[in-house]
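Asks: Below you will find the structure I want to go over with you.
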Amino acid sequence: MEDLKKMEGTIIDLVEQLDEEGVISLASQALDAGIQPLRLLELIDEGMNRVGQLYESKEYFIADLIMAGLIFKDVLKLEKMAAHFQRSYSKRIGKILIGTVKGDIHDIGKEIFRSMAEANGFEVIDIGVDVPKELFVSRVVENKPDILGLSGVLTNTIEAMREVVEAITRAGLRDSVRIIAGGNHLTEDACRFIGADSYANDASSGVKRCRDWIGSAGGKEVRADD
Ligand code: B12
């Protein structure tokens with residue numbers, strides 16, 4: 001069997017080549033050989049970046065982006081990946097409502113954030129993609145989450161995110177919910193423009209921020225295996 005280091009490079013190449021069977025097969029082997037699920041996600045992500053670059057340079061087309069998305073979802077479904085994100089908690093530490101903002105249908109990053117947040121003890125209500133601001137408001141009223149997560153991958157989603165925060169404020173809900181914006185294009189400046197309490201470029205740091213918020217509000221983590 002190839003050693004892990006070599007496998008890592010090959011996985012990135014296979015994603016770039018959109019070789020679905022090859023990625024799944026090698027990803028399974030790498031998991032069996034002990035690769036950390038988060039490391040595997042990083043590798044797939046790196047491959048996705050390459051696909052994105054090829055799309056920008058017009059060597060790849062929209063169908064190729066679709067294929068890349070399917071490959072990522074297949075990897076997330078692998079038994080060891082799914083198992084990594086499933087831990088049982090006797091008590092949830094907090095509630096997160098999450099959706100991808102209007103104009104954006106990318107949902108893989110949101111799903112990764114959701115899985116990681118659930119694995120860290122949060123209850124997560126996912127309201128989907130291309131979500132209008134009015135729906136964010138009504139679902140916040142209905143579900144009373146501790147945290148609202150706004151996902152957006154397209155750079156122009158910053159405006160839609162800002163509109164959601166404005167709508168939440170207008171509805172008199174701003175003081176009842178912390179807001180985190182997620183997307184790898186976000187910056188400190190963008191976060192200020194949006195009016196969110198924080199932002200994250202990746203799911204792990206986003207979940208960490210949410211845990212810190214719950215911790216500072218006096219929340220207590222209780223795991224089933226504690
Ligand atoms: C797969 C893909 C698609 C698939 C999406 C499938 C799906 N189910 O999601 C499809 C085919 C639908 C698609 C469509 C389009 N896409 Co596209 N797509 C991609 C691609 C290749 C991968 C995206 C992805 O899943 N990445 C992997 C995940 C894990 O990363 P992520 O989404 O960034 O998520 C991480 C963080 O952002 C963060 N995060 C995300 N959400 C949240 C939420 C919270 C609360 C937190 C804390 C964190 C967080 O954590 C995640 C994990 O760490 C990227 C290229 C790339 N490099 O990303 C282009 C890319 C994003 N797409 C692009 C474009 C242009 C489009 C289209 C406009 C193409 C077109 N002409 O139609 C359409 C837009 C449709 C729309 N209205 O949304 C551009 C965006 C350019 C820009 N500046 O905005 C990119 C960058 C490609 C490129 N380089 O040109 N796409």
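Here, each number is a calculation from the coordinates, and none is a lab measurement. This one's a predicted model, so the numbers in the text were calculated from it and none came from an experiment. Here the Cβ positions follow ideal geometry from the backbone for every residue, glycine too, while neighbour counts run over all protein chains shown.
Asks: Return the Cα extents of segment 4-84 along principal axes one, two and three, sorted largest first, each rounded to a whole Å.
Replies: Result for segment 4-84: principal-axis Cα extents of 37, 23, 19 Å.
Asks: Based on the Cβ-Cβ distance of residue 185 and residue 138, what FRET efficiency does E = 1/(1 + (r/R0)^6) give at R0 = 30 Å, to the nearest 0.05?
Replies: Numbers: r = 27 Å, r/R0 = 0.91.
Efficiency at R0 = 30 Å is approximately 0.65.
Asks: Quick one: which of 80/133; 6/73; 58/95 span more than 30 angstrom between C-alpha atoms? Mind dumping the intermediate values first?
Replies: Values: 80/133 36 Å; 6/73 23 Å; 58/95 42 Å.
Where the Cα-Cα span goes over 30 Å, the pairs concerned are 80/133; 58/95.
Asks: Just to verify a number: FRET efficiency for residue 50 and residue 20, C-beta to C-beta distance, R0 = 22 Å, to 0.05? Don't jump to the answer; show the numbers that get you there.
Replies: Values: r = 15 Å, r/R0 = 0.70.
It comes out at approximately 0.90.
Asks: Given the DSSP H assignment, sum -39500 (n - 2.57) over each helix run of at least 4 residues in the chain and divide by its residue total; what's the result at 222 nm in deg cm²/dmol, nearest 500?
Replies: Values: 10 runs with 126 residues, N = 226.
Only helices count here, giving -17500 deg cm²/dmol.
Asks: Output needed: percent of Cα pairs per 5 Å distance bin for the chain, bins running from 0 to the one holding the longest distance.
Replies: Reading upward from the zero bin: 1, 7, 14, 17, 18, 15, 13, 9, 5, 2, 0, 0.
Asks: Tell me, what does the Kirkwood hydrodynamic radius of segment 94-216 come to in angstroms if you use every pair of distinct C-alpha atoms?
Replies: On the way: mean 1/r = 0.0730 Å⁻¹.
Averaging 1/r across every pair of different Cα atoms and inverting gives 13.7 Å.
Asks: Along the Cα→Cβ direction, 7 angstrom out, place labels at residue 39 and residue 193. What is the inter-label distance in nm?
Replies: 3.7
Asks: Along Cα→Cβ, 7 Å out, is where each label goes; now give me the distance between the ones at residue 32 and residue 86 in nm to one decimal.
Replies: About 2.1 nm separates the two model spin labels.
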